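The values are calculated or read from the model by the stated rules, or taken from the named source; none is laboratory data. Worth saying up front: this structure is predicted, and the values here are computed from it rather than measured. Because the Cβ atoms are built from the backbone with ideal geometry, glycine has one as well, and the counts that use them run over all protein chains shown. For the accessible areas, the whole protein counts, side chains as well, though only heavy atoms, and no ligand, DNA or RNA atoms are used. Shrake-Rupley method; radii C 1.70, N 1.55, O 1.52, S 1.80 Å.
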Amino acid sequence: MLQSKYFRTSLAIISFLLILFLGSKVIFLFTPLVEIFNLLLVPMMLSGFMYYLLRPLVSLLEKKKLNRAVSILLIYIIFIGLFVLFWVLVWPTLQEQIQNFIDNTPYLVQGLQNQFNKLQDNPALSRFFKGDSDLATRLSGYLNDAITWVTNSMSNLIGVISSIVVIIATLPIILYYMLKDGHKLSPILQGLIPKKYRKEGQDMLKDIDSALSSFIVTRVLLNVVLGIMLYIGFLIIGLPYSLLLALISIPLNFIPYVGSLLAAVPVLIVGFIESPTLALWALIIIVIAQQIQDNVLSPIIYGKSLDVHPLTTVVLVLIGGDFFGIIGVLIALPVYMIIKIIFLRIYEIIVAERVEEVPEQVPVTKEEPL
């Protein structure tokens, strides 16, 4: 029975499930570890994100005969200078727009309802609203619920501030050692792989590193350029809160496919409250900017396609958001890319071993009689 493959597989599954069951009974022992993990998750994720962004700069400075530690400190000084410029040149305008938006929040719902009432009173458009006279009320109710949700979320401000303090305190330190010693991680991981598969493991780690680097760097470049195009377009059409809305669109567009729709919603609402014509112009600006990003910039910046089907991407975003919230949404695609590379490499190894196990068929030749 022990020689039976089916029996051994069943025994392994039962043992695995038993371990999970026993682990669930002593889950309280792991609570401190889980809390530490949750506390460090965001700083570690942001540090990894910044690591792939800044690693090319560190490598470039190293080629210029600068010490690695000195190169990192020089980059830190540059970032401090950029932060000072942001604080002096951008922050006053952004702060003013945020304050105005907060002050005008109670009037947003009323302004939206007034615009719908004007559309219903328009003879040319009234037939589109015929039989649905409470449309404006329902849409205003949805907007009111959204504003209420945002307001209620601000009740967690203390937790958010404490998280920001932890990030500010730990991110520069973690990032410094990642940039300084990150090149030592690959040999350590390769040492954990059995010698028989070390070559395949080395190739797999290179593929993962290349995929993450390409994804993060290109995504940041594309979204920053998109945000700049949106800001210029919003200024041209005179959209209120143009800087605030453009900055909001940058992080939202990190969410594949769904993010562009989410970023468009507040823009269209603000534009529609001013006038339906302004909302239409805002939509045109968004569509033009998205088309330039997708059809002009993406083929130039992306070296190759990520080879992820759009439906797969949407499913990954939904699953990541359901399990881990906004963090899960942001890391769903990179995690999927890593798992996919590992799975394909393991599959190639299994197939290669099975091919080697198949004995070579030696053709039998029939001797001809003399």
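Which is under 29 Å from the mean Cα position of the chain (by Cα), among the β-branched types (Val, Ile, Thr), surrounded by 11 or more Cβ atoms within 10 Å (Cβ to Cβ) and at pLDDT 85 or above, of Val58, Val42?
Val58
Flag set for Leu245, criterion: without any contact (Cβ under 8 Å) to a residue 60 or more places away in the chain, in contact with a helix residue (DSSP H, G or I) (Cβ under 6 Å, 6 or more places away or on another chain), among the aliphatic types (A, V, I, L, M) and surrounded by 15 or more Cβ atoms within 10 Å (Cβ to Cβ). Applying a threshold of 7 Å to beta carbon distances and a minimum spacing of six or more residues, or different chains, the list of pairs starting in the stretch 318-338 at a residue that is aliphatic (A, V, I, L, M) and ending at one that is open to solvent by 70 Å² or more (accessible area, probe 1.4 Å) reads Ala332/Ile319. In this structure, is Leu239 within 18 Å of Thr93 (Cα to Cα) and either in contact (Cβ under 8 Å) with a residue 12 or more places away in the chain or open to solvent by less than 10 Å² (accessible area, probe 1.4 Å) (or both)? Yes; evaluated as a whole, the condition is true for this residue. Selection of the stretch 320-338 for residues being open to solvent by 50 Å² or more (accessible area, probe 1.4 Å) and not aliphatic (A, V, I, L, M) yields Asp322, Phe323, Phe324, Tyr336. Which of the residues belonging to the stretch 248-263 are free of Cβ contacts under 8 Å to residues at least 40 places away in the same chain and surrounded by 21 or more Cβ atoms within 10 Å (Cβ to Cβ)? Of everything in the stretch 248-263, those that are free of Cβ contacts under 8 Å to residues at least 40 places away in the same chain and surrounded by 21 or more Cβ atoms within 10 Å (Cβ to Cβ) turn out to be Ser249, Asn253, Ala263.
Look at (1) part of a loop (DSSP other than H, G, I, E, B); (2) at pLDDT 85 or above and you find that Ile250 fails only one, number (1). Among the conditions (1) open to solvent by less than 70 Å² (accessible area, probe 1.4 Å); (2) over 30 Å from Gly238 (Cα atoms); (3) in contact (Cβ under 8 Å) with a residue 60 or more places away in the chain; (4) of a type in the set (A, V, I, L, M, F, W, C), the only one that Val26 does not satisfy is (3). Residues in the stretch 202-228 that are free of Cβ contacts under 8 Å to residues at least 60 places away in the same chain and open to solvent by less than 30 Å² (accessible area, probe 1.4 Å): 2 in all.
Just to verify a result, which residue in the stretch 264-275, among those that are open to solvent by 50 Å² or more (accessible area, probe 1.4 Å) and not acidic (Asp, Glu), is farthest from Gln110 (Cα to Cα)? Walk me through it before giving the result.
At the first step, the residues of the stretch 264-275 found to be open to solvent by 50 Å² or more (accessible area, probe 1.4 Å) are 265, 268-269, 274.
Then keep just the ones that are not acidic (Asp, Glu); that gives 265, 268-269.
Details: Val265: 18, Leu268: 16, Ile269: 12 Å.
Checking each candidate, the answer is Val265.
For the stretch 188-201, the candidate set comprises residues that are open to solvent by 60 Å² or more (accessible area, probe 1.4 Å) and outside any helix (DSSP H, G or I); within that set, the residue that is nearest to Ser47 (Cα to Cα) is Leu192.
In the stretch 265-291, the residues that are farther than 11 Å from Tyr241 by Cβ reach residues that are loosely packed, with under 15 Cβ neighbours inside 10 Å with C-beta atoms within less than 8 angstrom, at least six apart or across chains, in these pairs: Leu278/Gly238; Ile285/Ile236.
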